[in-house]
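Working notes, structure below.
We did not get these values from a lab; they are worked out from the coordinates using the rules stated. From a predicted model like this one, the values you see are computed outputs, not experimental measurements. Here the Cβ positions follow ideal geometry from the backbone for every residue, glycine too, while neighbour counts run over all protein chains shown.
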Amino acid sequence: MTASLVGALAAAAAALALGMLPLGGSWVPKPGRHPDAEALLDAGWRLGLTRWEGLRATIAAIGIGVAHAAGIAPLAGAALALAPSIAVRLRARTARDRARASVAQVLVTAHAMLRSGVALPEALRRASAACEDRIARHPFEIAMGRFDLGAALDDAIRSAVASSTDRRLVETFHTLALGVTERLPIERAASLLEAMAERAVHDERMDAEIRARTAGLRLQSYLLAGIVPAIALYLVATMPGLGATLATPLGRTVLIPVAILLEIVGVVVSRRVVRGVAR
């Protein structure tokens, strides 16, 4: 292993670490659990973890082969194994965003049943059963399942979102559990549920407005991300010296991989800024 190869691998590792910085505050590995398991469940993957790892290994092998044929460091090709995880997490995040509207509808339905005289556990059970979104229905099913097994209703509601990363969902369930703990009369419980439903609907409308207002900015970031490689190709075509530099081991193993990672970092950061405002 030559010194230039070691330096190239070190530079690629540093670029990869830089690219993962935007995810550093939100990704926390769970011991004994596959890091993609929750995202695969929400994204609708039904083929099991073994086939998922087989897919990732196949993509990594293809990436290594392409990198070797192009004279690029094999580590850059192996990094393609992260592509399926990124894709499934984006798909799962989109599914969770859609589920928020269904959670608001469950609360509206439960409030209507509570007003009609149905007890709170049965109102939550019927409202969640009528919901077609599996992700939105899941925490209510967990709460009702634990309640049926003998747990107190407030404890069952709190434990249903113990591992959830959705701040709004956690706050909604904890508020509902607080109302149960305080033994509110049915009129006040209905008013509390109505306020929660109105807040959920308002938050969903606010998110939709933010997404609509920032759609142009997101499109601009994607266009800029595409313009930079286009300019680079134009310069390579018109400036033979630049093309020769990128064809050297330094260009293939350091400059090009770092440029690709920086492009990805820019897109990820812009998306996280929008999501940070929405939350």
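If you take all other residues with their beta carbon under 13 Å from the beta carbon of Pro84, and give Lys and Arg +1 and Asp and Glu -1, the sum is +2.
Projected label points at Ala225 and Ala212, each 7 Å from Cα along the beta carbon direction, are separated by 2.5 nanometres. When the alpha carbon coordinates of the range 153-243 are projected onto the principal axes, the ranges are 79, 27, 10 Å, largest first. Between Ala259 and Glu53, the FRET efficiency estimated from the beta carbon spacing at R0 = 30 angstrom works out to 0.55. Sorted on the mean count of surrounding Cβ atoms within 10 Å across their residues, most packed first, peptides 137-149, 46-58 read 137-149, 46-58. Annotation: extensible slack from Thr181 through Glu132 equals 14.7 nm (criterion: 0.36 nm per residue apart, minus Cα-Cα distance). Counting charges near Arg205 (Lys, Arg +1; Asp, Glu -1) among other residues having Cβ under 13 Å from its Cβ returns a value of -1.
Building the convex hull from the alpha-carbon atoms of the range 100-206 and averaging its projection over directions returns 6.0 nm².
Relative to the current alpha-carbon distance between His34 and Leu90, full extension at 0.36 nm per residue lengthens the span by 18.5 nm.
For Ala83 and Leu242, the difference between the fully extended length at 0.36 nm per residue and the C-alpha to C-alpha distance is 54.3 nm.
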